[in-house]
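Throughout, read-outs are computed from the coordinates displayed, never taken from laboratory work. In this text, all values refer to a predicted model and were calculated from it rather than measured experimentally. Note that each Cβ is placed from the backbone with ideal geometry, even for glycine, and that neighbours are counted across all protein chains shown.
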Amino acid sequence: MTLAITTEPPGLRLAFTGRLDAAAAAADWAEATRRARSGQALHLDLTGLETLDMTGAVLLLRLENLAGRAQWTVPPGPMQALLDRTRQALSGPRPPAGPPPLPWLAWFGQLAWNAGGAALDRLAFLGEAAVSALALLRHPRRLRLAEVLRHLDEAGLRAFPLCVLLGLLLGMILAFQSSVPMRRFGAESFIPNLVGISLLRELGPLMAAVILAGRTGSAFAAEIGTMTVNEEVDALRVMGIDPMAWLVLPRVLAALAVMPVLALLMDLAGLIGMGVVMGSLGYPPASVIAALERALVAKDLIGGLFKATVFGLAIGLIGCRAGLAAGRGPRAVGDAATSAVVGGIVAMVLLDGIFATLFYRLGL
Amino acid sequence: MAEPVVQVRGLKAAFGDRTVFENVTFDVKPGEVFVILGGSGCGKSTLLKHLIGLYEPAAGQALVLGQDIHALQGDARQALLRRIGVMWQSGALFGSQSLAENVMVPLEQHTDLPFEARALVARAKLGLVGLSDAAARLPAEISGGMAKRAGIARAMALDPPILFLDEPSAGLDPITSAGLDALIVQLARDLGTTFVVVTHELQSILAIGDRCIMLDKEAKGMIAEGDPRALRDHSDNPTVRAFFRREVMA
């Protein structure tokens, strides 16, 4: 397309020739609108145009709009109809304006109000889950055992290889990293003590919980979130079926049951990884085992597994809650999964801090 | 006589050993509303997906705007895809973007128009389908009928000479459905756009269709071609008659 701009008293003549489509409009948009803004009268001459599409028509109408008014020369044929149709389409009602921005104090107030509401929702969810669990104790047949087994398989068995791999690597890394400073003090033989206690009391349960939050918590949220978006959860409610008993409890029970096993597996794999490194440093397996026997007591393991069980409960509940609270639209499921993982990890670290304080106070 | 915008010759669709249809041959003329109709499972949407290049034909050829989309690669294929618009059965709008932003996506990706121009073109397209006041809303905030109209607006973003619509009336109430039919006829008349519409909604077929073909699951292919009103009134084929008269086949 060619655009020729010439002076034609009392203003400008813009003569278009060839095709005026999206590509041509893009090429001439800046120059044409700049000239139209000059305040001079416009004469839009389309006699040389062979083809005009709607994007071209939008450009021409924009020029007219910027100039205030324009004189048109349109060849006979469908162009006038297209211009009229486009003018009509552009003159439709504008979207209603959004609400005005809140003053900062009101904004903080609303933020606090929303946070309070969200905290109450979480509390209500916990209460509902507790009531459903108690009801299940009275009617244990209502528990969907097949569903519990499915989640045990998905959250547990299928996570075993990952747990073993991460545990092995974790044990090896801890042993290697601690060997350098401990060698300086001639305390290399105490590496099993350090790694053993760290793994059993802290890192084993913590890493297993990270795996559960990342793999299973997000899967719970995505699955239940999809059901929420598809109104399957509403369908359950209308059928008189409690979504807590149907969807939440089987998953939470599975997460609760699987977490100590994952933590134990992580502990064992970590100790083996540490043993491999100790072997490479010249310590035979028997001396490593003897050091571990001297350093570790049953409460280290039991405390760690207890923590892991509580982490499992928290991650299961948070994942299911994120799914049930999913909004509408395609982003809802992704948001629910993100919320489950972030919430699960934050809750795990908070709980770990509480346990650390508690165990310290109790001398455990 | 103008060259057909779609030419299908001996097209066969198959998934593994299962043949959906074969020997499908027809032309679509410029500016007409062409309907692909038939009962559920006869392969209407499969045929549409062959025409727009999503499925490879097992045999035969489908030319759109004179080109075989399956034979094209790279830029040539992109250039052809820019000249066709598709409205999906569900609307397939991008959920995180407003309706105006949805319409602007093809303009942003395939043209050098500045933002002001893209916003105005999106406004014009949404105005064309009667959604000017919903431009700022998200797809989750609109009804099914509005989503379909927004889908048409997005399909028309680049002013394609041909639009493919998959089940535009499915799941809509009669009034919304009639409004959508009127819109298709109006756009075909005012803009000269060719429409290829997949549907099994009888009233829509009769309201919008200039010509049609009918696919049949049992016959695994085309069993009728022509003016839908003529087929309704004069077809010798019992399946076609039963379809148009809503009769149960013996």
- request: Indicate the helices, whole DSSP H runs only, in chain A that combine a mean Kyte-Doolittle hydropathy of 1.6 or more with a Cα extent along their long axis of 27 angstrom or more.
  value: A:249-280
- prompt: How are the C-alpha pair distances of the stretch A:131-362 spread across 10 Å bins, as whole percents from the shortest bin up?
  reply: 8, 29, 29, 18, 10, 5, 1
- prompt: In peptide B:131-139, how many Cβ atoms from other protein chains are near each Cβ within 10 Å, on average?
  reply: 4
query: Quick one: helix B:99-110 against the long Cα principal axis of chain B, what's the angle to the nearest 10°, folded into 0 to 90?
result: 90 degrees
query: What residue among A:Ala97, B:Leu180, A:Ala326 has its Cα farthest toward the positive end of the dipole of the protein assembly as shown, where the charges are +1 on Lys, Arg and -1 on Asp, Glu, each on the Cβ?
result: A:Ala326
task: Collect residues whose amide H, placed 1.01 Å from N in the peptide plane, falls under 5 Å from the amide H of B:Ala14; neighbours closer than 5 in sequence don't count.
output: B:Val20, B:Ala58
query: Helix-derived [θ] at 222 nm for chain A: sum -39500 (n - 2.57) over DSSP H runs of at least 4, divide by residue count, nearest 500?
result: -23000 deg cm²/dmol
- prompt: Which of the lysines could be linked to A:Lys307 by a straight reach, that is with a Cα gap under 24 Å, when you skip same-chain ones fewer than 8 residues away?
  reply: A:Lys299
Normalised contact order of chain A, rounded percent, pairs of Cα under 8 Å and 6 or more residues apart: 18 percent
statement: Per-residue average of other protein chain Cβ atoms inside 10 Å, peptide A:19-31 -> 3
- request: Could you tell me which of A:Val297, B:His50, A:Leu42 has its Cα farthest along the dipole of the protein assembly as shown towards the positive end, charges placed at Cβ (Lys, Arg +1; Asp, Glu -1), taken about the Cα centre?
  value: A:Val297
- request: Go ahead and estimate [θ] at 222 nm for chain B from helices alone: -39,500 (n - 2.57) per DSSP H run with n ≥ 4, summed, over the residue count, rounded to 500.
  value: -11000 deg cm²/dmol
- request: Run down the aspartates and glutamates and flag those whose C-alpha is under 12 Å from the C-alpha of B:Lys220, throwing out any fewer than 8 positions away in its chain.
  value: B:Glu22
field: Degrees between helix B:144-155 axis and first principal axis of chain B (Cα, 0 to 90, nearest 10)
entry: 80 degrees
statement: Mean per-residue count of partner chain Cβ within 10 Å for A:328-335 equals 3
- prompt: Counting other Cβ atoms within 10 Å of each Cβ, which GluC sites (Glu not before Pro) in the stretch A:214-323 have at most 13 and sit in a DSSP loop?
  reply: A:Glu231
query: If you take the Cα Rg of the stretch A:1-57 and divide it by 2.2 N^0.38 Å, with N the number of residues, what do you get?
result: 1.07
message: Sort A:314-324, A:330-340 by packing, meaning the average of other beta carbons within 10 Å per residue, with the highest value first.
response: A:314-324, A:330-340
- prompt: For the stretch A:139-181, which trypsin sites (Lys or Arg not before Pro) are both in a DSSP coil and crowded by at most 16 other Cβ atoms within 10 Å?
  reply: A:Arg144
field: For the stretch B:215-223, 3J(HN,Hα) per residue [Karplus equation, 6.51 cos²θ - 1.76 cosθ + 1.60, θ = phi - 60°, Hz, x = Gly/Pro]
entry: 9, 9, 5, 6, 6, 6, x, 7, 10
- prompt: Taking a 26 Å limit on the Cα-Cα distance, which of the listed pairs B:Lys29/B:Lys49; B:Lys12/B:Lys148; B:Lys49/B:Lys217; B:Lys44/B:Lys148 fall beyond it?
  reply: B:Lys12/B:Lys148
- request: Take the alpha-carbon centre of the stretch A:286-336, take the same for the stretch B:29-58, and report the distance between them in whole Å.
  value: 52 Å
message: Calculate the FRET efficiency for A:Ala295 and A:Arg361 from the Cβ-Cβ distance with a Förster distance of 22 Å, rounded to the nearest 0.05.
response: 0.45
0 to 90° range, to nearest 10: angle between helix B:174-191 axis and chain B longest Cα axis: 80 degrees
task: Would you pull out the residues with amide H under 5 Å of B:Val197's amide H, same chain only if 5 or more places away, H placed 1.01 Å from N?
output: B:Phe34, B:Val35, B:Ile36, B:Leu165
message: Between A:Ala286 and A:Ala119, what's the calculated FRET efficiency when r is the beta-carbon distance and R0 is 56 Å? Round to 0.05.
response: 0.55
